[in-house]
1. Report, in deg cm²/dmol and to the nearest 500, the calculated mean residue ellipticity at 222 nm for the chain, where each DSSP H run with n ≥ 4 adds -39500 (n - 2.57) and the sum is divided by the residue count.
2. Can you check how the C-alpha radius of gyration of the chain compares to 2.2 N^0.38 Å, as a plain ratio?
3. For residue 39 and residue 19, compute 0.36 nm times the residue count separating them, minus their Cα-Cα distance, and round to one decimal in nm.
4. Determine the relative contact order of the chain: mean sequence separation of Cα pairs under 8 Å and six or more apart, normalised by residue count, in whole percent.
5. Enumerate the residues in the range 48-67 having an amide nitrogen under 13 Å from the point lying 7 Å beyond the Cα of residue 91 toward its Cβ.
6. Which angle between 0 and 90 degrees, to the nearest 10, do you get for helix 86-97 versus the longest principal axis of the chain when only C-alpha atoms count?
7. Against the longest principal axis of the chain, how steep is helix 48-65, in degrees 0 to 90 to the nearest 10, with axes from Cα atoms?
């Protein structure tokens with residue numbers, strides 16, 4: 001069981017995340033390393049939208065391998081190279097996670113490990 005925390009003394013979070021998420025003792029957890037927009041063939045699309053689609057496909061595959069679902073995600077950390085990509089990030093976040101409302105951080109960074117990469121997302125899930 002997880003609990004969401006959005007205290008009234010803190011500005012309300014955007015509609016897709018919670019300020020805090022508690023995980024009950026005894027739940028299994030999985031920490032998914034930062035996933036990037038690289039397909040299984042090694043191809044990296046040029047657009048951030050296509051890269052974000054691959055990122056979420058990769059996250060879903062790693063979670064499934066461990067017996068988890070996207071709805072089990074309790075924390076998300078996203079990294080983008082360009083603030084102009086925030087709407088694309090949010091659209092895909094909402095499409096994949098729906099009403100899950102994990103704790104979430106999104107940061108615009110100067111660079112990722114490869115100049116072709118435009119986004120990276122890491123997650124923690126509990127079930």
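All of the numbers you see were taken from the coordinates with simple rules; none came from a lab. Keep in mind the model is a prediction, meaning the values are calculated, not measured. Reconstructed Cβ throughout: ideal geometry from the backbone, glycine too, with neighbour counts over all protein chains shown.
1. Values: 2 runs with 30 residues, N = 127.
Rounded to the nearest 500, the figure is -7500 deg cm²/dmol.
2. Its radius of gyration relative to the 2.2 N^0.38 Å reference: 1.05.
3. Details: separation 20, 0.36 × 20 = 7.20 nm, distance 3.19 nm.
Extra length available between residue 39 and residue 19 comes to 4.0 nm.
4. With pairs under 8 Å counted, the relative contact order is 38 percent.
5. Only 48-53 fall inside the zone, counting backbone N under 13 Å.
6. It works out to around 50 degrees.
7. Approximately 50 degrees, to the nearest 10.
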